[in-house]
């Protein structure tokens, strides 16, 4: 059967949509240089339904995520491909990732999480992924948590696992999730 | 004639019958088909932060807007047989939500960063719902069509994250680009799983009539006289 859209067409379409909604690197740099107090925002439409706000200060960076129902109580990983150590004498660049737990209480139907990254000046809007426990591998999560710059406490992570136990029923990773939960409760995992 | 599927090609025939032949039965059938989307439309409005009772009101208003004869005539003249009632309904609802949101912006909403942190001067960083315009509408419709086709949050995220780059070569000369391996790391799934899901998701999209129609409607592809039917 002939495809309605070729692979090349699809890639072109997706690239066009992505480039429209992403602020360009030049825009981000201009914003950072010309108006250092001006926050950078990226609004992702439904069904992703997330607004990412980065407020780059001179040394710290504030990140604010605001999402709809899908983001309620979600464990979220954010990654920046390029960061600058702001307070060290020798500035370095590299990848950085953090984990956040979105709140379970909404404000006017929106779930909002705000964190401050100390001593990191972030130059880009991060990539943001919501962990889907049904499909995620606890070993992969554990590994990423261990190298994360910022992450929820063991107690918070246990609460997140418990809140998702129903979704994990019947999945091949369920036993590994329970093992991770046990490790967290014993203070061995992070 | 029975028209049980909102997304079938019969919808365009119903609109044509009403606009061209003033067929009242076709108009009533369109109304019934539109009403079938009530739960999704209300859920959408609520997802945009509209409280429950207001969401129902906005959906009712959107129905009225969408089913006005002049509105149906306009979309028939613009899209012809490619017309999509679903797209039309969501576009009208977005317009209603946009108006509603603008009115609400005069009231206190989310806490601003400044009020939460107490560190900055003028409050300029208050997170807010986007001011919806045509461009945002098109993007929202686009991603909604992808989700409707894939029906899976994980696949949607893989597609979203992976298409911020051009390929999976591992060469990262630009910022904000992720390879499929990086996408896998972000979602805490295996690289093989990410590759398999990416392959299946893109295959689904390439063969999805609704996605294809939407891409045509918002001008992302040109049919070029091809007959894909």
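The values are calculated or read from the model by the stated rules, or taken from the named source; none is laboratory data. No experiment lies behind these values; they were computed from the predicted model shown. Cβ placement follows ideal geometry from the backbone for every residue including glycine, while neighbour counts extend to all protein chains displayed.
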Filter pass, residue B:157 being modelled with pLDDT of 90 or more, touching a strand residue (DSSP E or B) at 6+ places or on another chain (Cβ under 9 Å) and within 24 Å of residue A:3 (Cβ to Cβ)
yes
Being assigned to a strand (DSSP E or B) and at pLDDT 90 or above is the filter here, so list the residues in the stretch A:82-111 that pass it.
A:96, A:97, A:98, A:99, A:100, A:101, A:110, A:111
Among B:52, B:65, which is the only one that is at pLDDT 80 or above and over 19 Å from residue B:216 (Cα atoms)?
B:65
Hey, can you tell me all the residues within the stretch A:1-58 that are more than 9 Å from every other protein chain (Cβ to nearest Cβ) and modelled with pLDDT of 80 or more?
A:8, A:40, A:42, A:50, A:52, A:54, A:56
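Okay, residues lined up against (1) within 14 Å of chain A (Cβ to nearest Cβ); (2) more than 14 Å from the chain's Cα centre (by Cα); (3) surrounded by 22 or more Cβ atoms within 10 Å (Cβ to Cβ):
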{"residue": "B:47", "(1), (2), (3)": "yes, no, no"}
{"residue": "B:78", "(1), (2), (3)": "no, yes, no"}
{"residue": "B:81", "(1), (2), (3)": "no, yes, no"}
{"residue": "B:88", "(1), (2), (3)": "no, no, yes"}
Only residues that are assigned to a loop (DSSP other than H, G, I, E, B), more than 7 Å from chain B (Cβ to nearest Cβ) and without any contact (Cβ under 8 Å) to a residue 60 or more places away in the chain: list them for the stretch A:112-136, please.
A:118, A:133, A:134
Look at the stretch B:178-201 and say how many of its residues are in a helix (DSSP H, G or I), facing another protein chain (nearest Cβ under 8 Å) and surrounded by fewer than 20 Cβ atoms within 10 Å (Cβ to Cβ).
1
Determine which single condition residue B:47 fails, assuming it passes every other condition in (1) touching a residue at least 12 places away in the same chain (Cβ under 8 Å); (2) closer than 30 Å to residue A:106 by Cα.
(1)
